[in-house]
Amino acid sequence: MHQSRGHPVFRAQHATATCCRGCLETNHHLARGRELDEQARAYVVEVICRWIEAEYDAAVPEPPLTTQPRLF
Ligand SMILES: [Zn+2]
């Protein structure tokens, strides 16, 4: 659990610059003052999900090998 570090989506939004319209405009070329259409929203969600997956992969260590033959 990493509750103290904030909700994963919240952290992802800042990491991927999807936290507000200003960042969306600067980093993702989604113009401010225009409602996000379905395609733009799907894009933003995908960016966030990809970041969370990458973060999760990086944070979770490889499981220990359990297939080694026992000697005794
Ligand atoms: Zn922002």
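Bear in mind these aren't lab numbers, they're just calculated from the coordinates by the rules spelled out. This is a predicted model, so every value here is computed, not measured. Cβ coordinates were reconstructed from backbone atoms using ideal geometry, including for glycine residues, and neighbour counts include every protein chain displayed.
A few notes on this one:
- The HN-Hα couplings worked out from phi for segment 23-38 by the Karplus form 6.51 cos²θ - 1.76 cosθ + 1.60 (θ = phi - 60°) are 6, 4, 5, 5, 9, 10, 6, 9, 4, 5, x, 10, 5, 6, 7, 4 Hz, whole numbers, x standing for Gly and Pro.
- Sorted fewest first by neighbouring Cβ atoms within 10 angstrom, 55, 38 come out as 38, 55.
- Working value for segment 3-58: equivalent-ellipsoid semi-axes of 22, 12, 9 Å, each the square root of 5 times a Cα gyration tensor eigenvalue, largest first.
- Segment residue 36-residue 14, extension gain: residue separation times 0.36 nm, minus the distance between their alpha carbons: 6.1 nm
- On the beta carbon distance between residue 49 and residue 29, with R0 = 22 Å, the FRET formula returns roughly 0.70.
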